[in-house]
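The values are calculated or read from the model by the stated rules, or taken from the named source; none is laboratory data. Just so it is clear, the model here is predicted, and its values are computed rather than measured. Cβ placement follows ideal geometry from the backbone for every residue including glycine, while neighbour counts extend to all protein chains displayed.
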Amino acid sequence: MRKVYFDNAATTRVKDEVIEEMQKYYSELYGNPSSIYNFGQLAKKAVENSRVKVARLLNSNPDEIYFTGGGSEADNWAIKGILSANEKKGNHIITTKIEHHAILHTCEYLEKKGAEVTYLDVDENGLVDIKQLEESIKDNTVLISIMFANNEIGTVQPIKEIGEIAKKHDIYFHTDAVQAVGNEVIDVKDMNIDLLSLSAHKIHGPKGVGALYIKKGTRIHNLIHGGAQEKNKRAGTENVPGIAGLGKAADIAYNNFDQKREKLIKLRDRLIEKIDKEIPECQLNGHREKRLPGNVNFSFKYIEGESLLLYLDMEGISASSGSACTSGSLDPSHVLMSIGLPHEIAHGSLRLSLSDYNTEEDVDYTVEKLINVVKRLRQMSPLYSKREE
Ligand SMILES: *Cc1c(COP(=O)(O)O)cnc(C)c1O
């Protein structure tokens, strides 16, 4: 049976070159970067080398990159660290209703501790309203945290405009760019971004390593206290192999940027057009154009996303759904609810997220199987037989 991996927004295959790069920091150059002898300094060199490569991908300075234990840690650090260091100015955060849980649950935790949080609405395509953002700014606002691109529906926000507003009002701007890195043009200088989170495993690097870009001069407290690593800002012996892997993945993302984007957009649009044409009563979720190159998200009427996933799995296809039965909650995804989908439509959603390992054959095979699975599930659905014609 054919195996198709269409869940690259969840995690990606580590590139062979990345594994090769990481290997030597386990078995040969396993020194501690804090050790002053040469063997330790060779490990330190790998860390500094990666810093340059990650910085190049964001157009930041290398000394503005701090390695973390992943995207969630970077998000936690940005929000908790800024709020804690700027208490004198205020305790109000502006974010959106469609953020990743690493942002939303951090904000909810801080609200319990007394912080004030505004969760901005998005429109039916998942876009933030710039005017509404500006109107929600108050004297005590210290941070705007808005994701670069959404992990479920792929919508890409007007980041440069948000950065301009933050700058105009002298408020820190953080963006969770975990899904955008390597897929969208990112320029932290041009876009007035003060803090940016990224994660290695979403760009064909290893799991459990990421980075937070912190603009020079930003007032931020530590999340992890301890040793003097990362210029006293993030303690703990560096994950040297992981960081070397992230550097290599960043390097590949930088060098293949245009080529990868072009390939993904072609595959994505082939997938969208075929599904649209071949399957009745479905709708694309997320913005049609302002969209990640590898994101496809459809809702199919009269169907449960969970059953869709199980049937696709039996055909060798790995995908994801906005239906939340697996997480023990009856509510569908907060993102799909925020763009105004009725419960039953949100429950019938399917996310197919692509990488440059995917092919046209993957797309065609998946559509062919999807047509049959949707047909079968609808035949079993009482809602479908009772629908109004
Ligand atoms: C995956 C993801 C994260 C979390 O990153 P981890 O490295 O898995 O902790 C945060 N934000 C977004 C948008 C993501 O897609």
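Test residue 119 against the criterion of being part of a strand (DSSP E or B) and touching a helix residue (DSSP H, G or I) at 6+ places or on another chain (Cβ under 6 Å), and give yes or no. Criteria not met by residue 119.
Yes or no: residue 263 more than 23 Å from residue 359 (Cβ to Cβ), of a type in the set (Lys, Arg) and under 23 Å from the mean Cα position of the chain (by Cα)? So residue 263 fails the test. If only residues of the range 72-103 that are over 24 Å from residue 217 (Cα atoms) and surrounded by fewer than 19 Cβ atoms within 10 Å (Cβ to Cβ) are counted, the one that is farthest from the ligand (Cβ to nearest atom) is 97. Give 35, 72 a once-over and let me know the one that is in a helix (DSSP H, G or I), among the polar types (S, T, N, Q) and modelled with pLDDT of 95 or more. Of the residues listed, the single one that is in a helix (DSSP H, G or I), among the polar types (S, T, N, Q) and modelled with pLDDT of 95 or more is 72.
Considering the conditions (1) surrounded by fewer than 18 Cβ atoms within 10 Å (Cβ to Cβ); (2) closer than 29 Å to residue 156 by Cα, residue 383 is excluded by exactly one of them, (2). Looking across the range 162-190, the residues that are surrounded by fewer than 23 Cβ atoms within 10 Å (Cβ to Cβ), away from the ligand (no atom under 16 Å from the Cβ) and in a loop (DSSP other than H, G, I, E, B) come down to 169, 170, 171, 185, 187, 189, 190. Taking the conditions exactly as written (touching a His at 6+ places or on another chain (Cβ under 9 Å) and touching a residue at least 24 places away in the same chain (Cβ under 8 Å)), does residue 58 satisfy them or not? So residue 58 fails the test. For the range 237-247, the set of residues classified as closer than 18 Å to residue 182 by Cα and in contact with a Ser or Thr (Cβ under 8 Å, 6 or more places away or on another chain) consists of 243, 244, 246, 247, listed by residue number.
Of all residues in the range 143-161, those being part of a strand (DSSP E or B) and crowded, with 24+ Cβ neighbours inside 10 Å number 5.
Against the definition (in contact (Cβ under 8 Å) with a residue 24 or more places away in the chain and under 21 Å from residue 382 (Cα atoms)), how does residue 349 come out, yes or no? Yes: the conditions hold for residue 349.
Against the list (1) over 19 Å from the mean Cα position of the chain (by Cα); (2) crowded, with 23+ Cβ neighbours inside 10 Å; (3) over 22 Å from residue 184 (Cα atoms), the condition residue 50 fails is (3).
Which residue out of 209, 181 is hydrophobic (A, V, I, L, M, F, W, C) and within 11 Å of the chain's Cα centre (by Cα)?
Details: 209 fails: within 11 Å of the chain's Cα centre (by Cα).
Exactly one of 209, 181 is hydrophobic (A, V, I, L, M, F, W, C) and within 11 Å of the chain's Cα centre (by Cα), namely 181.
Only residues that are of a type in the set (A, V, I, L, M, F, W, C) and under 27 Å from residue 240 (Cβ atoms) were counted across the range 163-192, and they come to 6.
For the range 1-47, give me each residue that is over 30 Å from residue 369 (Cα atoms), surrounded by 14 or more Cβ atoms within 10 Å (Cβ to Cβ) and of a type in the set (Asp, Glu). Within the range 1-47, 17, 21 qualify.
Across the range 52-71, not a single residue is classified as away from the ligand (no atom under 15 Å from the Cβ) and either farther than 21 Å from residue 177 by Cα or aromatic (Phe, Trp, Tyr) (or both).
Selection of first residues in the range 62-74 that are more than 13 Å from residue 243 (Cβ to Cβ) and of second residues that are within 8 Å of the ligand (Cβ to nearest atom) and of a type in the set (Ser, Thr, Tyr), restricted to Cβ pairs under 9 Å at least 6 apart or on distinct chains, gives the following pairs, ordered by first then second residue: 71/197; 71/199; 72/197; 72/199; 73/197; 74/197; 74/199. Flag: residue 169 does not match the condition of being touching a residue at least 60 places away in the same chain (Cβ under 8 Å) and either assigned by TED's automatic domain parsing to the domain that holds residue 8 or farther than 22 Å from residue 61 by Cβ (or both).
Against the condition surrounded by fewer than 20 Cβ atoms within 10 Å (Cβ to Cβ) and at pLDDT below 95, how does residue 344 come out, does it pass? In short, yes.
Looking at 246, 312, 308, 267, which one is assigned to a helix (DSSP H, G or I) and in contact with a strand residue (DSSP E or B) (Cβ under 6 Å, 6 or more places away or on another chain)?
After applying the criteria, what remains is 308.
When residue 133 is tested against (1) part of a helix (DSSP H, G or I); (2) within 16 Å of the ligand (Cβ to nearest atom); (3) hydrophobic (A, V, I, L, M, F, W, C), just one condition goes unmet, and that condition is (2).
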